[in-house]
Amino acid sequence: MQKTQRKDQQKAVLEVKGGKTMALEHCFSIIKNKEKIEKVNIPDDFINYIKDSLFWIVSSWNGKTLKSGLPYYGEALISDEELVKFKTILEKWRGLFSLGTEEINLTGDFLIDEMKYEKVIYKKCELLNILDGLLQLCDKAECLKADILYEGI
């Protein structure tokens with residue numbers, strides 16, 4: 001899918017609540033015995049930034065097929081040793097971002113109309129909090145011998 005098509009679809013997915021535009025997020029939940037126990041929402045632009053490294057895990061897409069990575073749309077289940085690998089990938093990203101300046105500029109999508117890449121700016125503490133929340137979720141899932149359910153936008 002081309003970036004412009006995906007951006008158009010993202011715009012269509014945005015919801016307006018109370019006059020505010022909601023940012024796109026990906027949801028990660030601990031799931032045990034088909035029950036969601038706890039969840040963490042992660043911004044879309046951050047998932048897009050680290051997505052290449054997420055292809056190193058194997059997940060069950062939409063409860064049917066084992067594939068590499070996580071689907072942009074739909075659901076995937078991260079289980080067992082893949083959960084350990086997922087957690088390790090997140091720990092490495094956390095270590096990398098902890099070395100950054102107080103303001104971290106990430107390269108986003110290519111903006112075809114402007115012929116340049118989008119700049120996504122985070123405070124370092126925001127990125128570390130995002131990763132810490134997801135790492136805590138992984139820790140809890142491991143302790144509970146549960147899986148992580150990923151829900152794309």
Number of the condition not met by Glu114 [criteria: (1) surrounded by 19 or more Cβ atoms within 10 Å (Cβ to Cβ); (2) among the acidic types (Asp, Glu); (3) free of Cβ contacts under 8 Å to residues at least 24 places away in the same chain]: (1)
Could you pull out the residue among Ile37, Ile31 that is farther than 29 Å from Glu118 by Cα, out of contact with any Gly (no Cβ under 6 Å at 6 or more places or on another chain), surrounded by 14 or more Cβ atoms within 10 Å (Cβ to Cβ) and at pLDDT below 95? Ile37
For segment 55-79, which residues satisfy the criterion of being more than 15 Å from the chain's Cα centre (by Cα) and in contact (Cβ under 8 Å) with a residue 40 or more places away in the chain? Ser79
Candidate set: segment 72-85, residues that are within 15 Å of Cys27 (Cα to Cα) and surrounded by 16 or more Cβ atoms within 10 Å (Cβ to Cβ); chosen: the one modelled with the lowest pLDDT: Tyr72
Report, by residue number, each residue of segment 33-85 that is assigned to a loop (DSSP other than H, G, I, E, B) and touching a His at 6+ places or on another chain (Cβ under 6 Å). none
Selection from segment 118-153 of residues without any contact (Cβ under 8 Å) to a residue 40 or more places away in the chain and on the phi > 0 side of the Ramachandran plot yields none
Note on segment 51-69: residues aliphatic (A, V, I, L, M), touching a Leu at 6+ places or on another chain (Cβ under 9 Å) and loosely packed, with under 15 Cβ neighbours inside 10 Å are none
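The values are calculated or read from the model by the stated rules, or taken from the named source; none is laboratory data. Everything quoted here is computed from the prediction, not taken from an experiment. Because the Cβ atoms are built from the backbone with ideal geometry, glycine has one as well, and the counts that use them run over all protein chains shown.
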